[in-house]
Amino acid sequence: MPLLGFDRRRPMLAPDLVSIASRLRAAGCVFADEEARLLLSVEQSPAELTAMVDRRVAGVPLEQIIGWAEFCGLRILVAPGVFVPRRRTEFLVRQALGLCPSDAVIVDLCCGSGAVATTLAAVRPDATVFAVDIDPIAVACARRNLADRGLVFEGDLFAPLPASLTGRVDIIVANAPYVPTDEVAFMPVEARLFEPRASADGGDDGLDVQRRIAATSSQWLSPSGCLLVETGQRQAAQTAEIFSLNGLLPRIVRREELDATVVVGIAI
Ligand SMILES: C[S@@+](CC[C@H](N)C(=O)[O-])C[C@H]1O[C@@H](n2cnc3c(N)ncnc32)[C@H](O)[C@@H]1O
């Protein structure tokens with residue numbers, strides 16, 4: 001994209017870039033130049049562009065405005081009101097790929113936009129991929145991302161999955177909500193106001209949904225199947241204990257650069 005004003009459709013491109021970036025910077029956007037470029041890259045009228053910048057200044061996540069997020073090198077569609085996939089969750093995907101047998105059956109619980117399921121399906125076309133979320137807006141978004149590469153169900157954790165999967169799932173992945181209820185109020189405005197509370201709030205200690213997942217996983221997993229859950233660094237030991245209590249042999253893995261922690265549990 002030209003940055004110096006030679007684009008016939010947008011002769012004011014360079015001034016736009018500078019003025020948009022300075023508005024974003026003033027609103028506290030750390031990557032203002034990069035964000036301005038991304039906003040300008042969307043095909044739109046000047047009025048629409050202004051409206052987009054206004055929304056960003058109001059705190060709406062950039063990805064919900066431009067309609068996509070980069071995740072593991074893929075463009076994942078992100079609808080307004082849907083949790084924006086985080087870079088740290090790429091670590092969960094990599095851990096799952098490392099354990100994935102051929103022709104695996106994979107379930108992505110709490111799938112949100114479907115970023116994890118979509119990436120796994122893209123990298124492992126031999127796998128059969130299922131995804132579940134309780135939020136109908138997220139489910140619609142995940143269905144667009146997964147398209148014909150997997151099935152997305154709406155409902156509470158394992159409840160909507162076909163009973164025929166019992167004992168046959170090789171990999172269960174979950175980036176379930178894990179923020180303790182008392183800490184939700186301290187989250188950044190983007191998350192607090194523009195992502196659903198159910199995508200963050202994990203109950204008193206943040207681990208309520210993880211507990212429910214671990215309690216039921218064993219009945220869905222194949223004999224050497226694995227449950228992989230993203231968790232907080234300071235919650236990891238407790239997540240691992242929850243796994244042990246539910247018949248899973250846990251291992252904590254951590255990637256410092258991404259501030260990513262995953263607990264991997266193997267069915268025993
Ligand atoms: C932290 S977001 C993660 C989304 C996605 N896995 C990702 O990493 O981008 C958690 C998601 O869990 C979903 N969720 C919360 N409680 C759920 C439940 N009981 N059953 C299914 N999904 C649930 C929320 O709607 C939200 O989309």
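The values are calculated or read from the model by the stated rules, or taken from the named source; none is laboratory data. Keep in mind it's a predicted model, so treat the numbers as computed, not measured. Glycine also receives a Cβ, built like all others from the backbone with ideal geometry; neighbour counts cover every protein chain displayed. The accessibility values were calculated without ligands, DNA or RNA, using every heavy atom of the protein model including side chains. Shrake-Rupley method; radii C 1.70, N 1.55, O 1.52, S 1.80 Å.
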Item to check | Residues that are β-branched (V, I, T), in a loop (DSSP other than H, G, I, E, B) and open to solvent by 30 Å² or more (accessible area, probe 1.4 Å), drawn from the range 18-73 | outcome: V30, V42
Next on the checklist: Cβ-Cβ distance below 8 Å, separation of 6 or more or different chains: which pairs start in the range 91-104 with a residue that is farther than 14 Å from V229 by Cα and end on one that is among the β-branched types (V, I, T) and crowded, with 21+ Cβ neighbours inside 10 Å?
Outcome noted: C100/I106; C100/I171; A104/I171
Checklist entry - When you go through V179, V169 one by one, which is the residue that is surrounded by 23 or more Cβ atoms within 10 Å (Cβ to Cβ) and at pLDDT 95 or above? => result V169
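So that you can scan it fast, the table gives a plain yes or no per residue for (1) surrounded by 24 or more Cβ atoms within 10 Å (Cβ to Cβ); (2) away from the ligand (no atom under 13 Å from the Cβ); (3) within 17 Å of I266 (Cα to Cα):
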{"position": "L92", "(1), (2), (3)": "yes, no, yes"}
{"position": "L99", "(1), (2), (3)": "no, yes, yes"}
{"position": "D108", "(1), (2), (3)": "yes, no, yes"}
{"position": "A117", "(1), (2), (3)": "yes, no, no"}
{"position": "L120", "(1), (2), (3)": "yes, no, no"}
{"position": "R124", "(1), (2), (3)": "no, yes, no"}
{"position": "T128", "(1), (2), (3)": "no, yes, no"}
{"position": "A131", "(1), (2), (3)": "yes, no, no"}
{"position": "I134", "(1), (2), (3)": "no, no, no"}
Next on the checklist: Of everything in the range 216-234, what is open to solvent by 10 Å² or more (accessible area, probe 1.4 Å) and either part of a helix (DSSP H, G or I) or within 11 Å of the ligand (Cβ to nearest atom) (or both)? Give them in sequence order.
Outcome noted: T216, S218, Q219, W220, Q233, R234
Next on the checklist: Can you confirm whether I213 is open to solvent by less than 70 Å² (accessible area, probe 1.4 Å), of a type in the set (V, I, T) and part of a helix (DSSP H, G or I)?
Outcome noted: yes
Checklist entry - Can A159 be described as in the same structural domain as A115 (by TED's automatic domain parsing) and within 14 Å of the ligand (Cβ to nearest atom)? => result yes
Next on the checklist: If I go through the range 162-181 residue by residue, how many of them are within 12 Å of the ligand (Cβ to nearest atom) and more than 21 Å from C226 (Cα to Cα)?
Outcome noted: 1
